[in-house]
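To start, the structure itself, in structure tokens.
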Amino acid sequence: MANWSAAETAIAARFEAQWAGPEKVALVNRRFERPEPPAPWLLLEIVWNGGEQASIGAPGANFMRRYGLIWLHAFAPRQTAPSVASALLARAATIFEAQDFSGVICDAAEPGGPNDSEDGIYLGRSCSIPFEYEETA
């Protein structure tokens, strides 16, 4: 049986342990309120997008490889330069880019472009980091 929550927990734990900035961080499914007054902040998302069975013949002991994306979204108040959100995003991406931890193997970060808030208060920039998660099932 797939244990995706183990990978999600490892990704969130790595980010929380290694993020050294003063900026607030939003994690999916956790209570979060944007900074007031508006200040830079980050959002971490994990999206699964495929998988494959890498071995056969041993029910419960087959090697599985799952694929996903770690999405990082950085936001800065609209009155600041877009480079503020971009710099925040670049700092956050280094936590995962080309890293191998807890069965999670990350690739290079891929720019995702602008991602401004719907209410117009924040300029946003995003990137995704493809990853594989290996487990037996």
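A few remarks follow.
- When Glu36, Glu52, Glu97 are checked against the criterion of being acidic (Asp, Glu), within 16 Å of Glu16 (Cα to Cα) and surrounded by fewer than 19 Cβ atoms within 10 Å (Cβ to Cβ), a single residue qualifies: Glu97.
- Hits in region 56-86 (condition: of a type in the set (Phe, Trp, Tyr) and within 20 Å of the chain's Cα centre (by Cα)): Tyr67, Trp71, Phe75
- Scope region 55-76; condition touching a Ser or Thr at 6+ places or on another chain (Cβ under 6 Å) and either farther than 22 Å from Trp19 by Cβ or part of a loop (DSSP other than H, G, I, E, B) (or both); matching residues: Ala61, Asn62, Phe63
- Selected residue [closer than 21 Å to Ile121 by Cα and either among the small types (Gly, Ala, Ser) or touching a Ser or Thr at 6+ places or on another chain (Cβ under 6 Å) (or both)] from Ala87, Ala6: Ala87
- Restricting region 1-30 to residues that are acidic (Asp, Glu) and touching a residue at least 24 places away in the same chain (Cβ under 8 Å), the residue that is farthest from Arg91 (Cα to Cα) is Glu8.
- The number of residues in region 100-119 being in a loop (DSSP other than H, G, I, E, B), surrounded by 13 or more Cβ atoms within 10 Å (Cβ to Cβ) and either at pLDDT 95 or above or of a type outside the set (Gly, Ala, Ser) (or both) comes to 4.
- Where Gln79 falls short, out of the listed (1) in a loop (DSSP other than H, G, I, E, B); (2) surrounded by 13 or more Cβ atoms within 10 Å (Cβ to Cβ); (3) among the polar types (S, T, N, Q): (2)
The values are calculated or read from the model by the stated rules, or taken from the named source; none is laboratory data. Values in this document were obtained by computation on a predicted structure and should not be read as measured data. Reconstructed Cβ throughout: ideal geometry from the backbone, glycine too, with neighbour counts over all protein chains shown.
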